[in-house]
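Novice: I'd like to ask some things about the structure below.
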Amino acid sequence: MNEIPRGTLQEQTFYEQVGGEETFRRLVHLFYQGVAEDPLLRPMYPEEDLGPAEERLALFLMQYWGGPRTYSDNRGHPRLRMRHAPFTVNREAHDAWLKHMRAAVEALNLPEEHEHTLWNYLTYAAASMVNTPG
Ligand code: HEM
């Protein structure tokens with residue numbers, strides 16, 4: 001009686017709300033187009049081909065926001081600060097990373113609330129990745 005059918009009130013994940021895999025792949029692809037042209041960031045990426053790095057970041061973000069857990073299936077626990085330890089992430093690198101991410105986020109044209117949620121996370125995460133003063 002009076003029972004709400006199961007499922008009708010289930011909340012969508014943020015991953016689903018913003019359009020799922022396609023949205024995250026677009027975001028990360030746009031971001032890496034910026035990185036590819038960036039004189040500070042591009043040399044930091046060890047592989048000649050940015051494709052695999054693009055794949056890793058896309059899978060990580062998809063998983064973080066409630067999508068498939070493929071990132072961890074492939075890479076294990078994210079431990080992102082540790083994985084960034086080999087790279088000099090100083091203020092300048094932080095700012096460049098966020099600059100390209102900002103352009104990519106804006107290009108998605110998400111509803112304002114979603115854009116805000118995503119951007120808040122990215123700025124917080126970028127700040128936490130800084131490992132070198134100056
Ligand atoms: C703050 C500036 C940042 C710089 C300069 C930076 C730079 C790098 C570099 C050079 C790599 C190695 C490329 C690769 O082999 O994948 C990398 C990997 C990665 N970064 Fe960042 N990063 C930054 C911030 C972030 C943030 C904020 C996140 C998450 C929101 C992130 C997520 C990742 C992921 C998931 C990987 C691949 C890890 C793996 O599985 O090996 N990075 N980053």
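Only the coordinates and a few stated rules stand behind these numbers; no lab work does. Since we're looking at a predicted model, the values are computed, not measured. Cβ placement follows ideal geometry from the backbone for every residue including glycine, while neighbour counts extend to all protein chains displayed.
Novice: For the range 128-134, what does the Karplus curve 6.51 cos²θ - 1.76 cosθ + 1.60, with θ = phi - 60°, yield as ³J(HN,Hα) per residue in whole Hz, taken in order and with x for Gly and Pro?
Specialist: Per residue, the Karplus-derived 3J(HN,Hα) values read 6, 8, 5, 10, 9, x, x Hz.
Novice: So how do 55-68, 79-92 stack up, highest first, on mean other-Cβ count within 10 Å?
Specialist: 55-68, 79-92
Novice: Could you give me the ³J(HN,Hα) list for the range 92-107, computed from phi with Karplus coefficients 6.51, -1.76, 1.60 and θ = phi - 60°, whole Hz, x at Gly and Pro?
Specialist: Karplus values, whole Hz, x for Gly and Pro: 5, 5, 4, 5, 5, 4, 5, 4, 5, 5, 4, 4, 5, 4, 4, 5.
Novice: Another question, if that's okay. With n ≥ 4 as the cut-off for DSSP H runs, can you work out [θ] at 222 nm for the chain, using -39500 (n - 2.57) per run divided by the number of residues, rounded to the nearest 500?
Specialist: -19000 deg cm²/dmol
Novice: Among rounded, prolate and oblate, which fits the range 18-129 when a ≥ b ≥ c are the square roots of the eigenvalues of its C-alpha gyration tensor, a/c under 1.5 means rounded, and a/b larger than b/c means prolate?
Specialist: rounded
Novice: FRET efficiency for ARG102 and ASP73, Cβ-Cβ distance as r, R0 = 25 Å, nearest 0.05?
Specialist: The pair ARG102/ASP73 has a calculated efficiency of 0.25.
Novice: Could you check the spin-label model distance between GLU92 and ALA126? Points 7 Å from the Cα along Cα→Cβ, value in nm.
Specialist: So the two model labels end up 1.6 nm from each other.
Novice: Just to be sure I understand the model, the point goes 7 Å from the Cα along the line to the Cβ. What's the resulting ALA53 to GLU16 distance in nm?
Specialist: Roughly 3.4 nm, to one decimal.
Novice: For the peptides 33-43, 95-105, what is the packing order when you average, over each peptide's residues, the other Cβ atoms within 10 Å and list the highest mean first?
Specialist: Going by the mean number of other Cβ atoms within 10 Å, highest first, we get 95-105, 33-43.
Novice: Would you mind working out the magnitude of the charge dipole of the range 78-131 relative to its Cα centre, with +1 at each Lys and Arg C-beta and -1 at each Asp and Glu C-beta, to the nearest 20 Debye?
Specialist: Roughly 420 debye, rounded to the nearest 20.
Novice: Under a point-charge model restricted to the Cβ atoms of Lys and Arg (+1) and Asp and Glu (-1), what is the dipole moment magnitude of the range 10-95 relative to its Cα centre, in debye to the nearest 20?
Specialist: That gives a dipole near 400 debye.
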